[in-house]
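This report refers to the structure that appears directly beneath it.
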There are 2 protein chains.
Amino acid sequence: MSDFDAAVRTIQFLSVDAVEKANSGHPGTPMALAGITVEIFSRHLRYAPKDPKWPNRDRFVLSCGHASMLLYSTLHLAGYDLSLDDLKAFRQWGSKTAGHPEYGHADGIETTTGPLGQGIGNAVGMAIASKMLAARFNTDTETLFDYRVFCLASDGDVMEGVSMEAASLAGHLRLDNLVVVYDDNHITIDGSTELSFSEDVAKRYEAAGWGTEHVDGHDPAAVRAALDRATARKDRPSLIVARTTIAKGAPTKAGTSSAHGSPLGKAEVEATKKAAGWPLDPFHVAPGATAPFEARVKEVAPIHAAWKKLEAGLTGDRAALWKRFRDKELPSDLLAVLAQATAPSEKATRVLAGVAEQKLAELMPGLVGGSADLAGSTNTTIKGAGDVAPGKFAGRNFHFGIREHGMGAIMNGLALSGFVPFGSTFLIFSDYCRPAIRLSALMHQQVVWVFTHDSVFLGEDGPTHQPIEQLWALRLIPNLHVVRPADALECAAAWAHAASRKNGPTAFALSRQNLPTLERPAGFDPARIQDGAYVLSDAQNPDLVLIASGSEVHVAVQAKKILEGKGKRVRVVSAPCLEAFAELPESARAAVLGKDARRVSIEAGRTPPWHGILGDGGLAIGIDRFGASAPAGKLAEELGLTAERVAAQILAT
Amino acid sequence: MSDFDAAVRTIQFLSVDAVEKANSGHPGTPMALAGITVEIFSRHLRYAPKDPKWPNRDRFVLSCGHASMLLYSTLHLAGYDLSLDDLKAFRQWGSKTAGHPEYGHADGIETTTGPLGQGIGNAVGMAIASKMLAARFNTDTETLFDYRVFCLASDGDVMEGVSMEAASLAGHLRLDNLVVVYDDNHITIDGSTELSFSEDVAKRYEAAGWGTEHVDGHDPAAVRAALDRATARKDRPSLIVARTTIAKGAPTKAGTSSAHGSPLGKAEVEATKKAAGWPLDPFHVAPGATAPFEARVKEVAPIHAAWKKLEAGLTGDRAALWKRFRDKELPSDLLAVLAQATAPSEKATRVLAGVAEQKLAELMPGLVGGSADLAGSTNTTIKGAGDVAPGKFAGRNFHFGIREHGMGAIMNGLALSGFVPFGSTFLIFSDYCRPAIRLSALMHQQVVWVFTHDSVFLGEDGPTHQPIEQLWALRLIPNLHVVRPADALECAAAWAHAASRKNGPTAFALSRQNLPTLERPAGFDPARIQDGAYVLSDAQNPDLVLIASGSEVHVAVQAKKILEGKGKRVRVVSAPCLEAFAELPESARAAVLGKDARRVSIEAGRTPPWHGILGDGGLAIGIDRFGASAPAGKLAEELGLTAERVAAQILAT
């Protein structure tokens, strides 16, 4: 058996054995794709297992994350810090080898995959990042960045709309550093792909500007030739349609959907091993199985060393830029700097946040992003910076097209490559990209979602465009912070918060409509805003505490005046970020919310989740129905969100 | 001016004037597409404005809902119940003419559109429904159903992944009764489509099995010929790529993105009207403008009359089936019938709900549906009914492919056509189809979402597959009921609830893992389950009320035993549907939740929104972090959701 075959067989059977031991998992795809994976890792991929975060490494993305054992087995053989014991702990609590690859659990896992289609989008983002890094750091004589991205994808990956959105942009941007291998096995969980899928996938990708190859995925020479052609292709990404047999080599289950998501079973495993002349003892590593990887690592070592030398030799502006990019360093007085730049003005928070963003962009070279075709409305374009466009990657502004979900998956790929990406659209369309937002949060990636038109007060576009449940639906995602600022200072604080929050994503909810500037007490410390909620306007021994966010803070301020006219003592709390507030000690929260006063929340969205903050006797004023098409002022009247209506509701209950 | 031109011009200027009057809206696309629309309405569409719900009418779907004035102006001229005053009330509170077309606001609005891509998916669902109705009700000599679907779509519609998913299935199913006109105007909000979109859209649709046409959208003869070819095409849906100029005819704004989403402005309106020789007074209807529609309605009248005669003449099984289908009649003892059919058994609720569904399928001929490639896991296949497949539409089971979002949009189209569709996938992937779920709710459509694998207790697949925030994120959508049953009887009740709920969608959350059967008090009335929450197991003068849903009801039952051993008096409340519960009178809710006892919620998901039900001093036990990959039992231990851990938490606080 050749070393190559030893590697392939070992990966196949390590995968089979680990799934069998866990009594759970997906054996068929690792068996089918082991050959292609070894070919990629032994001849194409540039990597350094002992320096797994080498910035110019080629990326390997397993978009079909259910085939996780394929990745784990390969990383083990390739010399990454992943032991046989780790493989034996597949799918167990606390192990590095989760059911699906989890970013951060082990070296060599480039992204968390499993929700189908996302990996292709991440790969597109990484490929864009490579070109953007090249445009920033390469010179005529020194190439710091030219990494490629190899991605394995399943039927599910190519059927999901998110991948098509990302692939469309990849073709548009002519990402010739991206190779996607599509595992065309004609099998999905429900059976043959003929049940639901008769597309000419290659033609579809060609329509999007990709080059394509067709290959027998089990013919090593053909796979090699196809990968050679794909990596040599200029001006367009490549899709290799690899016809494979799921569970290749399993006597009765090969080519069947039963091999997709369940262990093969003892008898089938034995029969498969016997047919392959493989030892029956589990977790066998064949002699020579690591050799192809060792040879490749040796081959890449000088490239890696040369890169380290280049990096160490950086001087002047390039060195400084690289350090600022890599370390995401920020001024310690960031909030003050952004606040200084964001002059108070009676404008929409979407405008004011855009002003703060301009200043941050000066300070944070890794900040890049764009809009899903709403740049004029979301005000996120970085002024003076060019567009990211075909052949032009020095810019910072993306045109993602009307592809919110693809945008999200690409943003995650950019974040995983060291950028701090932002993406903007209307808040209602956060629903379109929720799976990608969740993955930002799960992977602890610093991603900024700029959602504007954050309430019914966008007005005439009506209920399809008016967020009602979106604010709270976002707040429910673990590790996502939702920031809904009320004026210029809070917008500056919002960006300061997002810029400082390196272990997770932040989502802004910004108004379409103009808002007044809040009056704050003399000596107000803007750092209080970072607490997530703070006393904006107090009263002696208050009997009412009005808690509001964004545009409704101004309603609260007005309502306070009316209520004071009726003899009430009213505190107003501005609460731009409930997640930050929840992280405060109990006593600090109680100091803001008061102890004995009745609490009232005012927010133009769903009310039930507010009650945890309000407590018994509290009143949640908001909107628990879909919106309507009408001018904003009329909506405020009809939906009970004018200061007068709010005050009346408080007094009536 | 010909009558045809009078109609086109009138639609263009009614649209321009209404946008101008509202000072808000999208004039450019109605101007560009008026000609194509008049062509469709005057030569192709079969409709009866005075019988707008005629079941065999052709459907006209404006997927680019922002061009709503195009639809309203056309419906007005075509004789639907939509007056000039209605047009003048465009985008005002309570008017029929909302910013985007809202289903139910006016006759002739076939679906709510605005969120891009959804309309194409709805159109696919309607086209499938036509073929399914034909397979059920046509005979060799009588054609009750053969309606076609015409859909207008914008760049945004074709860029969104949801439309690609739906289009892929449409091609697979060879829907030759579907014609989509793609408004290829090279303009999006951000400017030229060249910024982000260089796909060959026709080629992409060809790859998915569509026939395509290219046409100058402003050449009436060419449009006519293309529509003739498209409607005559057999065995595949048609895409007509119509090259148009946005705001055609506006002197300075034609062909620019400034005409997309803002009024043209007084000066431009005047200049446009002058150039067209059009009266400057707004809302002018040219003589002859209604003639093309009147002629078409007259042409269709005998077809409509013949259909009514056919329907009236139905006899025997066909007549009975049609009545059952149309009226969605159900036995008054539905819950008892389903409960009888769903034998208690220690199985997963995904299995038990599948049993109840089988019985319901016998009773409800309109119940059809399928899975996004997880039929084996979600147990939704209707036994004995065939598949919906190319050329075969008598079946009831769909293979939607790995296209959750497309599935959702198609389900909405099926529901709008009189079917009661269900779609199934894992609960985590509800995130992939949220925009479609929201539209089910907004349109008051009876759609059933069968989400299984409803908690971390799916186990080893890990955090990417484990819902945490999804239960509450769904509960936040207005008019959606979320039902999480705990055993066979509750599964029967879940389907009874969904079947009876004709004014909105219902989503099930079902366990992957087996669950015991609940013991209920003697004489328990199953109708109590329909209250949404009920006392499962009581205590004299309880000092603790444990409120749980789904699999955690069993944890509560076990915890009760432990707590009783510690001297506590414990009531257990099973709460399968909090939305139904919220509709009860306050006193009825208080009777279930108790007044003085401490309330504790137990649910394997996010906790904060529970506090509104628990009140001060309440304890919400759940999961406020992402899950992990491990066997279910281990997860229960580690995440504090065993009965022992739950009891300990209650006693400790």
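A few notes on this one:
- Restricting attention to the range B:332-352, the residues being charged (D, E, K, R), exposed (fewer than 14 other Cβ atoms within 10 Å of the Cβ) and in contact (Cβ under 8 Å) with a residue 24 or more places away in the chain number 1.
- Check on A:L489, in contact with a helix residue (DSSP H, G or I) (Cβ under 8 Å, 6 or more places away or on another chain), away from chain B (no Cβ under 14 Å) and under 21 Å from A:A643 (Cα atoms): no
- A:A356, sole failed condition from (1) hydrophobic (A, V, I, L, M, F, W, C); (2) in contact with a strand residue (DSSP E or B) (Cβ under 8 Å, 6 or more places away or on another chain); (3) more than 29 Å from A:D146 (Cβ to Cβ): (2)
- Test: residue in the range A:126-145 that is within 14 Å of chain B (Cβ to nearest Cβ), under 18 Å from A:A208 (Cβ atoms) and touching a helix residue (DSSP H, G or I) at 6+ places or on another chain (Cβ under 8 Å): yes
- Test: residue in the range A:49-69 that is among the polar types (S, T, N, Q) and within 24 Å of A:T252 (Cα to Cα): yes
- When residues of the range A:157-192 are limited to those that are in contact with a Pro (Cβ under 8 Å, 6 or more places away or on another chain) and facing chain B (nearest Cβ under 8 Å), the one surrounded by the fewest Cβ atoms within 10 Å (Cβ to Cβ): A:H172
- Here A:A123 passes the criteria (1) under 18 Å from the mean Cα position of the chain (by Cα); (2) assigned to a loop (DSSP other than H, G, I, E, B) except the one numbered (2).
- In summary, A:F419 fulfils each of the numbered conditions (1) under 15 Å from the mean Cα position of the chain (by Cα); (2) within 27 Å of B:P435 (Cα to Cα); (3) of a type in the set (A, V, I, L, M, F, W, C) with the single exception of condition (2).
- When residues in the range B:474-503 are screened for being of a type in the set (K, R), in a loop (DSSP other than H, G, I, E, B) and farther than 15 Å from B:T378 by Cα, 2 of them pass.
- From the options B:A353, B:A375, residue that is within 12 Å of chain A (Cβ to nearest Cβ) and small (G, A, S): B:A375
- Inter-residue pairs, beta-carbon under 7 Å, first touching a residue at least 60 places away in the same chain (Cβ under 8 Å) and in the range B:28-41, second of a type in the set (K, R) and assigned to a helix (DSSP H, G or I), 6+ apart: B:E39/B:R224; B:F41/B:R296
- Number of positions in the range B:146-173 that are of a type in the set (A, V, I, L, M, F, W, C) and either modelled with pLDDT under 95 or in a helix (DSSP H, G or I) (or both): 8
- Residues that are more than 30 Å from A:Y432 (Cβ to Cβ) and assigned to a helix (DSSP H, G or I), drawn from the range A:330-375: A:L334, A:L335, A:A336, A:V337, A:A339, A:Q340, A:A341, A:E362, A:L363
- Filter result (under 14 Å from A:M159 (Cα atoms), more than 7 Å from chain B (Cβ to nearest Cβ) and touching a residue at least 24 places away in the same chain (Cβ under 8 Å)) within the range A:193-216: A:T193, A:V201, A:A202, A:Y205
- Filter result (under 38 Å from the mean Cα position of the chain (by Cα), among the small types (G, A, S) and modelled with pLDDT of 95 or more) within the range B:255-285: B:G265
- Which numbered condition A:R501 fails, given (1) out of contact with any Cys (no Cβ under 9 Å at 6 or more places or on another chain); (2) buried (at least 24 other Cβ atoms within 10 Å of the Cβ): (2)
- Pick from the range B:504-529, criterion in contact with a strand residue (DSSP E or B) (Cβ under 9 Å, 6 or more places away or on another chain) and not in a loop (DSSP other than H, G, I, E, B), ranking: surrounded by the most Cβ atoms within 10 Å (Cβ to Cβ): B:F508
- Under the condition of being under 18 Å from the mean Cα position of the chain (by Cα) and either within 9 Å of another protein chain (Cβ to nearest Cβ) or not in a loop (DSSP other than H, G, I, E, B) (or both), the residues counted in the range A:429-466 number 18.
- Among residues of the range A:403-427, those that are within 20 Å of A:R174 (Cβ to Cβ) and part of a loop (DSSP other than H, G, I, E, B), counted: 3
- Condition met for B:T290 (surrounded by 15 or more Cβ atoms within 10 Å (Cβ to Cβ), under 30 Å from B:T381 (Cβ atoms) and β-branched (V, I, T)): no
- Within the option set B:K308, B:K248, B:K253, B:K274, being exposed (fewer than 13 other Cβ atoms within 10 Å of the Cβ) and basic (K, R) holds for one residue only, B:K274.
- Whichever residue in the range B:82-118 is outside any loop (DSSP other than H, G, I, E, B) and away from chain A (no Cβ under 11 Å) and, among such residues, is surrounded by the fewest Cβ atoms within 10 Å (Cβ to Cβ): B:D85
- Scanning the range B:382-391 for residues that are away from chain A (no Cβ under 12 Å) and more than 16 Å from B:G171 (Cβ to Cβ) yields B:I382, B:K383, B:G384, B:A385, B:G386.
- Cross-chain or 6+ apart pairs with Cβ under 6 Å, the range A:131-153 first and in contact (Cβ under 8 Å) with a residue 12 or more places away in the chain and surrounded by fewer than 16 Cβ atoms within 10 Å (Cβ to Cβ), then of a type in the set (K, R) and part of a strand (DSSP E or B): none
The values are calculated or read from the model by the stated rules, or taken from the named source; none is laboratory data. Every value quoted in this text rests on a predicted model; they were computed, and no experiment measured them. In this analysis, Cβ positions are derived from the backbone assuming ideal geometry, glycine residues included, and neighbour counts consider all displayed protein chains.
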